[in-house]
Amino acid sequence: MSISAPATGTRADTEAVPDAVISLRGLSVDFPVGGLFSRTVVRALRSVDLDLERGEILALVGESGSGKSTIARCIARLERPTAGQIFVDGVDVLRSEPRRASREFRSKVQMIFQDPFGSLNPAHRVQQFLERAARLHGRAKGADQMRELVAELMATVDLPVDMLDSRAFELSGGQRQRVSIARALAMEPEVILADEPTSMLDVSVRIGVLNLMRRLRDERGISMLFITHDLASARYVADRTTVMFAGELVESGASTALMARPAHPYTQLLLSAVPDPLRAGSYDPAERARLRAAVLESESCPFDGDPNQVCSRTEPVRHDVGPAADRHWVRCHLYRPAADVASRALAVDTVEG
């Protein structure tokens, strides 16, 4: 593994990347804990910098509680960040639309939720979902154009047109999720935020939804933020994968490169839990214990070249790993704010369990 000179840690610039459809800069979210007069907070996100490029599928992985869904909810304007900026097409939407998201923004950025049984009213017909979305955002004029649009949306998500008269409770989980995708497509979005879209589906239908996501990217150029705890799904569908731990980004790179050569101990710990037919027997418990200690108790940085050198940085530093084409970076895993140690220990205990 080749190591280059350290890259910048928390970015000093506050500008969006030109090729990015969405850029996050210094995004932080704190949730209050306790009673009305309590000053205790839980930091769900800590100074997150993230770019989603045009026509890219970016996977955001990590176990429950790492902050993945909070990022998506902030981008969708369902959660207000404590600090930071959200650039969409180069515009800081928190400044241009401070009170609430405009209809134009809602058309541009759509979200698909994890639970297909909760995101659709079970008593409504499929046709109602699609027509209402198209009508609200002015995507069809007149009955004939509406019929054509609805039929096209059903064909796009591989559902028969005669299913338009079905009510949501009559559909399977996979069919409901496809209807949710069709409803999002009715607004002709540039970005789809897919929050664990396959986690509640049978294994036999997950691959179909993942293939649909990839086809929408290829045919329509839609950028996607794919949130998942399933590393195998991330490797299959995503161009790039970013790993989250305790509200921070710790590693990112081309999906195949990151899965083949994980550099951060936490990424290695996550991958060790993935079934591998080439791995004989169970994963070495001693190695898992070493990785767990590396996440929480390290005292020297392996990327400084001197294994005996104590890391005294007060801010995280990103190091480039491997060929430049892989865009693979890893954050120095010694940077641990004292206030976050307990939450990190809890997160790793979740992985161990």
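With respect to the conditions (1) touching a residue at least 60 places away in the same chain (Cβ under 8 Å); (2) touching a strand residue (DSSP E or B) at 6+ places or on another chain (Cβ under 7 Å); (3) closer than 22 Å to R132 by Cβ, R176 falls short on a single one, namely (2).
Here L212 clears all of (1) more than 14 Å from the chain's Cα centre (by Cα); (2) open to solvent by 40 Å² or more (accessible area, probe 1.4 Å) except the condition numbered (2).
Taking the listed residues S107, S96, S66, the one that is open to solvent by less than 30 Å² (accessible area, probe 1.4 Å) and out of contact with any strand residue (DSSP E or B) (no Cβ under 6 Å at 6 or more places or on another chain) is S107, with no other qualifying. Being of a type in the set (A, V, I, L, M), open to solvent by 10 Å² or more (accessible area, probe 1.4 Å) and not in a strand (DSSP E or B) is the filter; apply it to region 246-261 and report the residue that is modelled with the lowest pLDDT. Among those that are of a type in the set (A, V, I, L, M), open to solvent by 10 Å² or more (accessible area, probe 1.4 Å) and not in a strand (DSSP E or B), it is A246.
The single condition among (1) aliphatic (A, V, I, L, M); (2) more than 15 Å from the chain's Cα centre (by Cα); (3) not in a strand (DSSP E or B) that V42 does not meet is (3). Selection over region 12-39 of residues that are modelled with pLDDT of 80 or more and either among the polar types (S, T, N, Q) or assigned to a strand (DSSP E or B) (or both) gives a count of 13. Scanning region 224-237 for residues that are over 12 Å from the mean Cα position of the chain (by Cα) and not hydrophobic (A, V, I, L, M, F, W, C) yields S233, R235, Y236.
Checking A155, A151, A133, A143 one by one, the residue that is within 26 Å of I71 (Cα to Cα), among the small types (G, A, S) and either open to solvent by 50 Å² or more (accessible area, probe 1.4 Å) or assigned to a helix (DSSP H, G or I) (or both) is A133 and no other. Within region 215-226, restricting attention to residues that are over 23 Å from M244 (Cα atoms) and out of contact with any Pro (no Cβ under 8 Å at 6 or more places or on another chain), which residue is surrounded by the fewest Cβ atoms within 10 Å (Cβ to Cβ)? Among those residues, the one meeting the criterion is E219.
The values are calculated or read from the model by the stated rules, or taken from the named source; none is laboratory data. The structure presented is a predicted model; accordingly, all values stated were derived computationally and were not measured. Quick reminder, even Gly has a Cβ in these numbers, built from the backbone with ideal geometry, and neighbours come from all protein chains shown. SASA here: full protein model, heavy atoms, side chains in, ligands and nucleic acids out. Shrake-Rupley method; radii C 1.70, N 1.55, O 1.52, S 1.80 Å.
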